[in-house]
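S.K.: One structure is given below, represented as structure tokens, and several questions about it will come after.
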Amino acid sequence: MAEPRRKRRAAATTGDVRRKRAPDTSLPFSDVPPPRFGRQQMSRLGEILASDGMIVFMLAVVVVEATVLMVWHRRTAQGPEPVQLMSFLGAGAALMAAMFFVKRIKRSALPFATALLASLIFHIWHVTLLWGR
């Protein structure tokens, strides 16, 4: 059980100071301190992750991934079958579309609800494909 903070502070002032560990020099760049992010950088990162551009970028990555995997499966007959791939990636893409539409829910909730419903349908389809194995 951890000792209370008061005792730890008192111990540190009485000379019971714990030694810092020496950096592990076996790792590359071990002498480089980790980058520190301030509030400004973190708020900017939050804005970037919450932006529409990031969601559209993630959707584009999913489309490229699906295309590459389908071409690979067609050429080599290895990897996931296109039906399994579309059921799996479709659920994620529909959720990302719902994230895109949630910001516009004041105008109309229909696109958001449709994207969530599509995600549920893709998920049920994927589970039934897995269940049949």
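S.K.: Answer yes or no: is there a residue in segment 46-60 that is assigned to a helix (DSSP H, G or I), of a type outside the set (S, T, N, Q), at pLDDT 80 or above and in contact with a Pro (Cβ under 7 Å, 6 or more places away or on another chain).
M.R.: No - not one qualifying residue is present in segment 46-60.
S.K.: Of all the residues that make up segment 113-131, how many are of a type in the set (S, T, N, Q) and over 20 Å from the mean Cα position of the chain (by Cα)?
M.R.: Selection size over segment 113-131: 2.
S.K.: Something else now. For segment 74-92, enumerate the residues that are touching a helix residue (DSSP H, G or I) at 6+ places or on another chain (Cβ under 9 Å) and farther than 22 Å from residue 131 by Cα.
M.R.: Matches in segment 74-92: 74 only.
S.K.: Between a residue in segment 112-133 that is under 13 Å from residue 93 (Cα atoms) and any residue that is open to solvent by less than 90 Å² (accessible area, probe 1.4 Å) and among the polar types (S, T, N, Q), which pairs come within a Cβ distance under 6 Å, given they are 6 or more apart or on different chains?
M.R.: Here the result reads 122/87, each pair linking segment 112-133 to a residue that is open to solvent by less than 90 Å² (accessible area, probe 1.4 Å) and among the polar types (S, T, N, Q).
S.K.: Give segment 80-96 a look and list any residue that's free of Cβ contacts under 8 Å to residues at least 40 places away in the same chain and open to solvent by less than 40 Å² (accessible area, probe 1.4 Å), or say none.
M.R.: 85, 89, 90, 91, 92, 93, 94
The values are calculated or read from the model by the stated rules, or taken from the named source; none is laboratory data. Given the structure is predicted, the values throughout are model-derived calculations rather than measurements. Cβ: placed from backbone, ideal geometry, glycine included. Neighbour counts: every protein chain shown. The area values use the complete protein model at the heavy-atom level, side chains included, leaving out ligands, DNA and RNA. Shrake-Rupley method; radii C 1.70, N 1.55, O 1.52, S 1.80 Å.
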